[in-house]
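Structure first, then comments.
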Amino acid sequence: MFFDNAEGMVFRPPSEANSLILRVTIGCSHNTCTFCGMYHNTAFRIRPDAEITGLIHKTARLYPDQRRVFLADGNALVLPTNRLLEIMRQLHEAFPKLARITCYGGPHDILRKTPEELETLHKAGLQIIYLGIESGDDIVLTNVHKGVTAAEMTAAGQKVLAAGIKLSAMVILGLGGKTRTAEHALNTAKIVNAINPTMLGALTLMLHQGTALRDSAERGEFFPLSPYEILQEIKMLVENIDVTHPCLFRSTHVSNFLPLAGTLPKDKARLLDDIDKVLLIFQNQTDPTYNARNQY
Ligand code: SF4
């Protein structure tokens with residue numbers, strides 16, 4: 001449910017399907033990741049207070065019983081803490097039944113905030129931060145222009161959890177291509193273990209039209225994984241995840257070849273068994289050297 005969508009496309013995590021989407025910023029202040037085309041044609045800006053207040057009042061008249069709000073766009077946490085707190089105050093006032101506020105958080109935005117600021121945001125109602133880890137491998141992160149190291153990403157994720165906020169982390173299968181699939185899987189498992197997010201989503205790389213990574217694949221400089229290789233990669237990832245606190249694992253995005261869902265570490269053996277069964281079917285029925293470049 002969107003407050004407005006007049007300026008560029010609006011994106012939200014699948015789990016925010018029932019939330020009001022309040023765009024406190026337009027676009028993404030980073031906007032250089034080579035695999036991401038979400039805000040390519042959208043100039044980044046922070047919305048003025050009056051614009052946000054107007055949207056809150058307008059929408060509260062239409063949906064007074066709304067219980068969930070997602071602060072968009074790409075990295076709402078870029079806003080100064082005092083502005084976020086004021087927006088959240090207004091939301092609680094306008095929606096008396098409001099029970100949950102969530103947003104995407106960029107690693108640098110999280111690191112810029114003090115532990116006390118994050119705790120204050122949590123007390124004001126911020127319940128979940130969605131963090132795109134993408135990969136735990138520094139070379140992959142550099143190659144895709146994520147603008148952050150694995151160590152910085154780890155610190156950002158740990159900081160969110162230390163403030164009492166739930167962390168929903170995303171990683172992208174196949175992001176290292178054929179040349180770094182093992183390093184991508186192993187180092188991504190390592191960062192997941194170090195952070196131990198509340199939720200972990202594993203998406204599969206989609207080479208969207210107009211992205212730098214797609215151009216690179218078309219020039220023969222980036223070699224995407226085949227479905228078989230993606231399954232091998234997720235197997236290696238899951239095998240090496242050893243979290244100590246329960247982590248809700250989902251690989252059920254529309255981009256995924258094999259839907260997987262469970263809680264780690266409890267369901268690890270079952271998830272690996274599910275992957276093995278499908279790998280066996282591939283081994284029996286298909287040529288594992290199939291080139292994924294035919295997919296797009
Ligand atoms: S992946 Fe996230 S940080 Fe990177 S450009 Fe897209 S929205 Fe911005």
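Count, please, the residues in the range 70-98 that happen to be within 16 Å of the ligand (Cβ to nearest atom) and of a type outside the set (S, T, N, Q). Even if it seems obvious, please write down each step before you answer.
Keep residues of the range 70-98 that are within 16 Å of the ligand (Cβ to nearest atom), which gives 70-79.
In the following step, the residues that additionally are of a type outside the set (S, T, N, Q) were identified as 70-74, 76-79.
Number satisfying all stated conditions: 9.
Which helices (runs of 4 or more DSSP H) does the range 43-151 wholly contain that include 2 or more residues that are free of Cβ contacts under 8 Å to residues at least 24 places away in the same chain?
On the way: elements: 49-62, 81-94, 107-112, 115-123, 138-143.
Because the criterion is at least 2 residues that are free of Cβ contacts under 8 Å to residues at least 24 places away in the same chain, the helices (runs of 4 or more DSSP H) in the range 43-151 that meet it are 49-62, 81-94, 115-123, 138-143.
Test Ile52 against the criterion of being among the β-branched types (Val, Ile, Thr) and within 16 Å of the ligand (Cβ to nearest atom), and give yes or no.
Numbers: among the β-branched types (Val, Ile, Thr): yes; within 16 Å of the ligand (Cβ to nearest atom): no.
Spelling it out, it is not the case that Ile52 is among the β-branched types (Val, Ile, Thr) and within 16 Å of the ligand (Cβ to nearest atom).
Is there a residue being within 26 Å of Glu152 (Cβ to Cβ) and either among the basic types (Lys, Arg) or at pLDDT below 95 (or both) anywhere in the range 231-252?
yes
Take the conditions in the same structural domain as Lys235 (by TED's automatic domain parsing) and assigned to a helix (DSSP H, G or I) and apply them to Lys159. Does it pass?
Yes; evaluated as a whole, the condition is true for this residue.
Just one of Gly262, Gly201, Gly174 is at pLDDT 95 or above, in contact with a strand residue (DSSP E or B) (Cβ under 8 Å, 6 or more places away or on another chain) and within 21 Å of Ile281 (Cα to Cα); which is it?
On the way: Gly262 fails: within 21 Å of Ile281 (Cα to Cα); Gly201 fails: within 21 Å of Ile281 (Cα to Cα).
After ruling out the rest, the residue left standing is Gly174.
Answer yes if at least one residue in the range 30-40 is of a type in the set (Val, Ile, Thr), away from the ligand (no atom under 16 Å from the Cβ), touching a residue at least 40 places away in the same chain (Cβ under 8 Å) and crowded, with 17+ Cβ neighbours inside 10 Å, and no otherwise. Even if it seems obvious, please write down each step before you answer.
Our first condition is that a residue be of a type in the set (Val, Ile, Thr); within the range 30-40, this holds for 32, 34.
So of that shortlist, the ones also away from the ligand (no atom under 16 Å from the Cβ) come out as none.
Scanning the range 30-40, I find no residue that is of a type in the set (Val, Ile, Thr), away from the ligand (no atom under 16 Å from the Cβ), touching a residue at least 40 places away in the same chain (Cβ under 8 Å) and crowded, with 17+ Cβ neighbours inside 10 Å, so the answer is no.
Would you check which residues across the range 7-19 are in contact (Cβ under 8 Å) with a residue 60 or more places away in the chain, among the hydrophobic types (A, V, I, L, M, F, W, C) and more than 12 Å from the ligand (Cβ to nearest atom) and list them?
Val10, the sole residue that qualifies.
Can you tell me which condition Asp109 does not meet? The list is (1) crowded, with 24+ Cβ neighbours inside 10 Å; (2) within 13 Å of the ligand (Cβ to nearest atom), and all the others hold.
That leaves (1) as the condition not met.
Only one of Thr154, Thr142 is hydroxyl-bearing (Ser, Thr, Tyr) and under 19 Å from Thr244 (Cβ atoms); which? Give the derivation first.
Details: Thr142 fails: under 19 Å from Thr244 (Cβ atoms).
Answer to the check: Thr154.
The values are calculated or read from the model by the stated rules, or taken from the named source; none is laboratory data. It should be emphasised that the depicted structure is a prediction, and the values quoted were computed from it without experimental measurement. Cβ atoms come from the backbone with ideal geometry, glycine included; neighbour counts cover every protein chain shown.
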